[in-house]
Amino acid sequence: MCGIVGYIGKRNISKVLLESLQRLEYRGYDSSGIATLDNNDLYLCRETGCLENLAATLAEYPVKGNVGIGHTRWATHGEPSKVNAHPHTDCENNLVLVHNGIIENYAELRNKLKKNNHKFRSNTDSEIIVHIIEDYLKKGAKNLEEAVICTLMDLKGAYAIAALNKNEPEKMVAAKNGSSLILGIGKNEIFVASDASAVIPYTRQIVFLEDYQIAIIEQGKFNVINLNGNNVAYNVSLVDWDIDSAQKDGYAHFMLKEIHAQPKMLKKILSEKFNSDNFSLKLSEFSKIKKYSADINQIVIQACGTSFHAGMVGKFIFEYFVNLHTDIEISSEIKYKHFIYSKKSLIISITQSGETADTLIALRQLRRKGLRTISLCNVVGSTIARESDAVFYIHAGPEIGVASTKAYTAQLFALYSIGIFLGTLKRIIKKSLKSSLIKELTFIPSLMHKVLASEQQIAACAKKYAKYNDFFYLARGINYANALEGALKLKEVAYVHASAYPAGEIKHGPITLVCKELICVCIVTESSTYEKMLFNLEEIKARHGRVIAIATEGNQEIKNYADDVIYIPYVQEIFSPLLVALPLQIFAYYVALARGCNVDKPRNLAKSVTVE
Ligand code: M6R
């Protein structure tokens with residue numbers, strides 16, 4: 001899972017490649033590299049770690065040319081190191097290539113190439129691709145594109161590639177299958193990238209390449225062909241994202257900025273989905289949902305990570321508002337399951353990036369079974385958005401921090417909106433209830449402001465507990481998903497072990513771990529399970545565990561059970577996940593800060609996980 005870029009034009013080549021890679025760094029930052037062609041001279045520069053390292057080396061050893069490719073890596077095959085950094089070259093250093101994806105039959109292909117005396121410099125699966133291209137050129141392929149087409153026929157797996165040939169110095173060939181790849185069309189210049197965010201400062205005219213399409217790009221022109229070498233038609237889409245939101249706006253980190261962005265973001269989403277004058281739904285927004293859900297008898301949500309946690313809340317929402325049995329599946333498990341869903345099931349894929357390989361593969365499998373699919377995506381035009389029967393955009397705006405925060409609450413918001421819509425459609429929700437539910441949602445942004453106003457108190461609490469190495473996150477009912485999400489945030493950004501349990505479960509085993517070194521973050525807001533949660537807090541206190549309670553404003557009783565209390569305003573239980581999420585995000589952020597972690601780029605992680 002990596003980011004690739006390419007450029008042909010008159011700009012400063014290393015500047016444009018570096019800037020584009022910077023916007024793809026969320027895909028990985030184990031190493032990076034660029035290669036350029038200046039007539040028949042090939043320049044190659046690679047470094048381990050973040051792009052700053054590559055930029056420093058380039059300042060010392062500048063490259064030249066009007067054609068170039070670049071890569072930022074999240075290691076899959078081969079450790080993060082300079083030799084494994086892309087771009088990779090063939091035996092003779094004539095060809096150079098960047099790759100995102102995984103070549104499944106690479107071991108077999110590598111052995112075959114070794115027998116033909118190919119010398120490998122890296123341990124990556126990617127390097128074999130450039131050697132196969134070399135082979136086909138030697139065997140008589142008339143140009144780079146012909147050799148690339150032959151090579152693609154040999155590959156099994158997912159890829160987006162861009163390749164250059166020293167002997168065809170004015171050309172770049174790019175192709176994809178499974179991994180995303182776009183072309184950015186500028187005036188007398190053409191960009192290639194894993195996604196549009198990399199090129200929007202230069203152009204908003206985007207071609208989203210399809211699987212098995214090959215782009216042949218030369219100075220100021222390009223064409224797209226298929227595996228038979230025939231030209232294929234393509235659309236140029238106008239991408240209208242707001243690039244300003246990709247800046248930190250004075251916050252120390254994107255994660256903090258994105259946490260604070262949530263009230264404003266939800267206010268905007270509210271105005272897009274609901275009429276504020278009479279608390280009704282803007283039906284045009286839901287027409288696609290209606291088309292695919294009129295006769296459904298079941299909902300199946302599939303997602304990974306934070307999106308999965310949103311899906312867990314979704315299960316409560318759909319069962320409560322729509323009275324429909326709802327299953328929630330981890331995407332990476334679907335492939336190996338015996339699926340028994342009927343044709344009347346509606347599949348909802350939840351994904352911020354729209355590129356998560358596990359989610360995409362499950363979606364494709366479910367579509368092949370003839371099931372109808374709706375996706376909840378953030379990134380416009382992403383693969384999952386395009387491959388689903390219908391897409392419902394969550395409109396969180398660009399999320400740069402690797403740890404998802406605002407996309408989570410935007411996903412929840414989308415699920416509430418769809419739940420209210422379907423509940424009304426199925427006549428489970430009466431008109432008056434519908435208006436009062438929407439009205440309650442309209443209060444959420446201002447209630448979120450109140451939670452954010454406690455930031456410094458939460459920060460102090462985080463600092464107090466930052467030295468501890470074991471955390472439990474406990475909740476019951478709808479907020480168990482938030483317990484999982486809070487624990488995930490802490491693990492991701494602060495590298496601290498945290499396990500989440502439905503609080504009733506700890507007495508069945510995990511209670512053996514409770515001691516004064518264990519910190520229990522307990523969600524004890526006003527709810528149908530409040531009394532039961534108090535019993536669990538008693539059990540923890542009796543064993544000297546420490547409790548941080550997230551409780552409803554005004555609750556004095558909770559102080560008898562907890563070492564520290566973080567208050568949030570009252571909201572009815574079904575909507576509480578929207579507010580509870582915030583202190584959990586802030587807590588994880590400040591623990592990470594106290595422990596000196598790289599909050600926006602946690603080790604070993606990438607924003608978009610495009611490998612299985
Ligand atoms: O883009 P997606 O929502 O499909 O991503 C799914 C997970 O990879 C993602 O939520 C991951 O768990 C985040 N790092 C969570 O903060």
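Restricted to the range 336-353, and to residues there that are of a type outside the set (A, V, I, L, M, F, W, C) and within 16 Å of the ligand (Cβ to nearest atom), the residue that is nearest to D195 (Cα to Cα) is S353.
Checking each residue in the range 26-48 for being within 16 Å of A160 (Cα to Cα) and either part of a helix (DSSP H, G or I) or open to solvent by 10 Å² or more (accessible area, probe 1.4 Å) (or both) picks out only R27.
Test of understanding: among D564, D600, which residue is surrounded by 16 or more Cβ atoms within 10 Å (Cβ to Cβ) and within 16 Å of the ligand (Cβ to nearest atom)? Going through D564, D600 in turn, just one is surrounded by 16 or more Cβ atoms within 10 Å (Cβ to Cβ) and within 16 Å of the ligand (Cβ to nearest atom): D600. Looking across the range 416-430, the residues that are part of a helix (DSSP H, G or I) and either in contact with a strand residue (DSSP E or B) (Cβ under 9 Å, 6 or more places away or on another chain) or over 30 Å from Y251 (Cα atoms) (or both) come down to S417, I418, G419, I420, F421, L422, G423, T424, L425.
Every condition in (1) in contact with a helix residue (DSSP H, G or I) (Cβ under 7 Å, 6 or more places away or on another chain); (2) under 30 Å from I361 (Cα atoms) holds for F120 except the one numbered (2). Inclusion of I206 among residues that are in the same structural domain as L18 (by TED's automatic domain parsing), under 26 Å from G28 (Cα atoms) and assigned to a strand (DSSP E or B) is warranted. Number of residues in the range 264-274 that are crowded, with 20+ Cβ neighbours inside 10 Å and at pLDDT 90 or above equals 3.
Within the range 354-363, restricting attention to residues that are open to solvent by 10 Å² or more (accessible area, probe 1.4 Å) and either near the ligand (Cβ under 7 Å from one of its atoms) or β-branched (V, I, T) (or both), which residue is modelled with the lowest pLDDT? Only one residue tops the list, namely E355. For the range 157-187, a residue qualifies if it is part of a loop (DSSP other than H, G, I, E, B) and touching a Gly at 6+ places or on another chain (Cβ under 7 Å), and exactly one does: S179. Output yes when any residue across the range 347-358 is over 30 Å from I444 (Cβ atoms) and without any contact (Cβ under 8 Å) to a residue 40 or more places away in the chain, and no when none is. No, every residue in the range 347-358 fails to be over 30 Å from I444 (Cβ atoms) and without any contact (Cβ under 8 Å) to a residue 40 or more places away in the chain.
Here L433 fits the description: more than 16 Å from the ligand (Cβ to nearest atom), loosely packed, with under 15 Cβ neighbours inside 10 Å and either in a helix (DSSP H, G or I) or within 27 Å of the chain's Cα centre (by Cα) (or both). Taking I190 as the residue in question, decide whether it is among the β-branched types (V, I, T), in contact (Cβ under 8 Å) with a residue 12 or more places away in the chain, buried (at least 19 other Cβ atoms within 10 Å of the Cβ) and not in a strand (DSSP E or B). Answer is no for this residue.
The values are calculated or read from the model by the stated rules, or taken from the named source; none is laboratory data. Note that the coordinates shown come from a computational prediction; the quantities given were computed from them, not determined experimentally. A quick note on method: Cβ atoms are made from the backbone with ideal geometry, for glycine too, and the neighbour counts reach across all protein chains shown. Surface areas here come from the heavy atoms of the whole protein model, side chains and all, with no ligands, DNA or RNA. Shrake-Rupley method; radii C 1.70, N 1.55, O 1.52, S 1.80 Å.
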